[in-house]
6 protein chains.
Amino acid sequence: SLLSNQKVIHSKDQIILIETNLDDTTGQELSDVMAILLTNGAKDAWVEPITMKKGRPAHKLCLLADPTNSETLTKIIFEHTSSIGVRQQLLDRKIMQRDLKLLKTKFGNLHVKYLSYAGITKVSLEHDDLVSLAQKNKLPIKNLETKIMNLIQSD
Amino acid sequence: SLLSNQKVIHSKDQIILIETNLDDTTGQELSDVMAILLTNGAKDAWVEPITMKKGRPAHKLCLLADPTNSETLTKIIFEHTSSIGVRQQLLDRKIMQRDLKLLKTKFGNLHVKYLSYAGITKVSLEHDDLVSLAQKNKLPIKNLETKIMNLIQSD
Amino acid sequence: SLLSNQKVIHSKDQIILIETNLDDTTGQELSDVMAILLTNGAKDAWVEPITMKKGRPAHKLCLLADPTNSETLTKIIFEHTSSIGVRQQLLDRKIMQRDLKLLKTKFGNLHVKYLSYAGITKVSLEHDDLVSLAQKNKLPIKNLETKIMNLIQSD
Amino acid sequence: SLLSNQKVIHSKDQIILIETNLDDTTGQELSDVMAILLTNGAKDAWVEPITMKKGRPAHKLCLLADPTNSETLTKIIFEHTSSIGVRQQLLDRKIMQRDLKLLKTKFGNLHVKYLSYAGITKVSLEHDDLVSLAQKNKLPIKNLETKIMNLIQSD
Amino acid sequence: SLLSNQKVIHSKDQIILIETNLDDTTGQELSDVMAILLTNGAKDAWVEPITMKKGRPAHKLCLLADPTNSETLTKIIFEHTSSIGVRQQLLDRKIMQRDLKLLKTKFGNLHVKYLSYAGITKVSLEHDDLVSLAQKNKLPIKNLETKIMNLIQSD
Amino acid sequence: SLLSNQKVIHSKDQIILIETNLDDTTGQELSDVMAILLTNGAKDAWVEPITMKKGRPAHKLCLLADPTNSETLTKIIFEHTSSIGVRQQLLDRKIMQRDLKLLKTKFGNLHVKYLSYAGITKVSLEHDDLVSLAQKNKLPIKNLETKIMNLIQSD
Ligand code: NI
Ligand code: NI
Ligand code: NI
Ligand code: NI
Ligand code: NI
Ligand code: NI
Ligand code: NI
Ligand code: NI
Ligand code: NI
Ligand code: NI
Ligand code: NI
Ligand code: NI
């Protein structure tokens, strides 16, 4: 679903972090709302286990988003959880430059991210592609990952 | 203990988040200090499990407060935990408007928060009231909650 | 509320561990049910954060009890949570012998457990007593704890 | 996907718990292996956060299964994670009797579990059905849940 | 520190699991006691975050050991933590057969475990060896790991 | 390794918090990178367990540092973990004034921090010193801690 050869070249931007503590929302609902947030533009969403007042084992719901998306995502939280208030802050982000390529191998094609930042370079294989190639080739994922990483490092 | 018909009408404000990592404070002490912080004006207080340096399974103590309360609450942390430094930041908060009412039902009276934000509305039953009405009426809490929520939705 | 000079002299017994995973129960409900379990004879009750199937951030509810209490406590779990099945096992327990005394000090009286097991001895101050004596004497809890522990060690 | 009117009538059985600690397996891999375990007959699978030796923030992978499935699931763990040993134990399980029905409502059909154990009865709506009916009827999930639970309680 | 060519050939044994809940022990102390337990024969030791009664964010200390070591390790727990009772159980363990070799590569020597169980085979590089070879060769650990894994897979 | 009689007299400063979510980094690697970050100037580093998208039980890596160190530490994260982006923010910090002394006792010498903030004073024994004095004197750590704290409080 990603275009081959997409580039992200800026290495700094700003992102908004939105958080809310939930002691009246279930695990099922947390899983549902994370999916809805991601579908509606959140760049990341996650849950942290916390112990709240009155001895309540509860959760903190967190998300990162483009600042322009803040209001939309806040409304989703209010609609789909028991939250009655969220807190938010604008953060600086440093990101590795990303060059996304479609790599053709004898095992099949997979997306590879070539990452770089101030002279540091690394490579990240798209995990879902790796999983399906491993199934297709009847190889353990780890084995296939080693073989493909070795191909890339030998270039 | 809350007045009937109290309203919170602003939907934005600022709140201070204070945090400290603790590897030399026990669970008993964390529970004590959370209670003291809440008694002294913290709007929320919670603990997150973390793994600190030297392999220490430890805790992060967090609280939200009105900025004017920051100094008082910092001193409580220094007095009641092993913390030797706290970090703090001012956050924007978005909150649902709250209209608190005392609802009279055949099961007894309970406090209900009518919440709204940009066209989204929801209702929250005061949990402690629900627990005591459930005991009084010898009904499972969930059953009673359904019955009362249904009354409210049918209005 | 404890008698002075109570002794627990056996150092081995058996205890039942009951556990259930919950992805449809809130933090409020978990806190309520822990309290009910303890009131009804559970020797300990606690909650562990877990990640369940379908990406659900959920909880495992656990309790320890005398085997004769197993059925009563299982029913409480079924009544007060969304659990539809619990697992249980009989465990061996090794316990320190406990000699509970009421210690009279210039700060006031507090309960102290003298513990021993195979030549190892230690002393545990009743935490709630310590908290109230600290308040009464306007001393930090830690300071008072040191003073009282030192009295005991100097005996 | 569930048949209408399926019944589980026994209220006790035995189940095997398999566990392994993992400090060399990533979150991606843990999510993958949980899915594979469930596809291959595990009755439940979950992950607990732990702090292991050498200060490693790691995970415990756990599953419940029919004892006849133990060997198959152990092999999946060895194949798909870095585990080099698993521990297992046979547990007693108490389960509520389940009567699964397809409930026809004006909002659409959904699966409902009627649960009972020693005189305790409760009802559980199939969460995924509820989510899709809520979408179809453009109602918040919580609202729909209340309406349907009320229908059932009024029977 | 490991001999070359050590073999573990049995694939089943029994192991004892010892656990205790701690709400009056600090993270520093937990880290200390884990190290002492491992030095005194525990095969594994770890800590799980839990929420205990009275709203205490606390920890469960766990260890695996040879059953003959149970009493020694129990005493260490009683001596070095606030625990006044531990629970224990004998578990079945399934383990992969291990053949430990010292692998000579152009990057230096490192220990490698060749693991097998019922037809499944895998290879595990000793992590600490990998870390020191990476430093010596000024290579990122991941890169070196790929290169060495590829050497092994190509044999 | 610390000088006797070092003082920290300012009670406010600013510190940078850097965070990244990791679902493709192992516990071994997290432990390694925390050590490297601390060696390279991080003032604190820790890991929090989180549940990320696609049901991944993962970790958040966090560190505090002097703002001038931000770029160096970001590069270490990019080099030693799977992170492809970090977020950072400048926080206000309130810190207790610290007066570090080498205390001579009949048990041996140990470092002691005398801490103060707005009239609140407390004392912190260097944990590693305490551990080695306890070993040297064959005393339980807690006992020795009580004895030394009592010496200090009696001054
Ligand atoms: Ni593509
Ligand atoms: Ni992967
Ligand atoms: Ni009122
Ligand atoms: Ni409730
Ligand atoms: Ni008494
Ligand atoms: Ni205490
Ligand atoms: Ni656990
Ligand atoms: Ni639900
Ligand atoms: Ni490794
Ligand atoms: Ni010194
Ligand atoms: Ni956190
Ligand atoms: Ni200490």
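Each reported figure results from applying straightforward, stated rules to the coordinates on display, with no laboratory input. Remember, it's a predicted structure, so these values are computed and weren't measured experimentally. Note that we place each Cβ from the backbone using ideal geometry, even for glycine, and neighbour counts take in every protein chain shown.
List of remarks:
- In chain B, the longest principal axis of the Cα atoms and the axis of helix B:27-39 are about 60 degrees apart.
- Under 29 Å between alpha carbons - lysine pairs in segment C:13-94 that sit 8 or more apart or on different chains: 8
- At 7 Å out from Cα toward Cβ: B:Asp66 inter-copy label distances (nm, ascending): 3.9, 3.9, 5.0, 6.2, 6.4
- The angle between the Cα long axis of helix F:127-137 and the main principal axis of chain F comes to about 50°, on a 0 to 90 degree scale.
- Sites B:Ser124 and E:Leu38, calculated FRET efficiency, Cβ-Cβ separation with R0 41 Å, nearest 0.05: 0.25
- Neighbouring partner chain Cβ atoms per residue of A:63-70, average, 10 Å criterion: 1
- Computed [θ] at 222 nm, helices only, for chain D once each DSSP H run of length n ≥ 4 contributes -39500 (n - 2.57): -10000 deg cm²/dmol
- Inter-copy spacing of A:Thr39 label points, which lie 7 Å from Cα along Cα→Cβ, given in nm from shortest upward: 2.3, 4.1, 4.7, 4.7, 5.6
- Estimated dipole of the protein assembly as shown in Debye, rounded to 20 [Cβ of Lys and Arg +1, of Asp and Glu -1, Cα centre]: 0
- For A:Asn143, inter-copy separations between label points set 7 Å beyond Cα along the Cβ vector come to 2.8, 5.4, 5.8, 5.8, 6.8 nm, shortest first.
- Basic side chains Lys and Arg get +1 at the Cβ, acidic Asp and Glu get -1 at the Cβ, and with that the dipole of chain D about its Cα centre reaches some 660 debye.
- Label sites at C:Glu71 and E:Leu139, each approximated as a point 7 angstrom past Cα along Cα to Cβ, lie 6.6 nm apart.
- Magnitude of the charge dipole, segment E:13-94, Cβ model with Lys/Arg +1 and Asp/Glu -1, debye to 20: 280
- Where rotation carries F onto E, the chain F residue whose Cβ is nearest that axis, in whole Å: F:Pro49, 4
- Relative contact order, percent, chain C [alpha-carbon distance under 8 Å, six or more residues apart]: 26
- Neighbouring Cβ atoms from other chains, within 10 Å of the Cβ of residues in F:123-129, number 3 on average.
- If you take the Cα centroid of segment C:79-134 and the Cα centroid of segment A:9-55, the two points sit 38 Å apart.
- Length-normalised contact order of segment E:13-94 in % [C-alpha pairs under 8 Å, at least 6 apart]: 48
- Counting Cβ atoms of other protein chains within 10 Å of each Cβ in C:76-85 and taking the mean gives 6.
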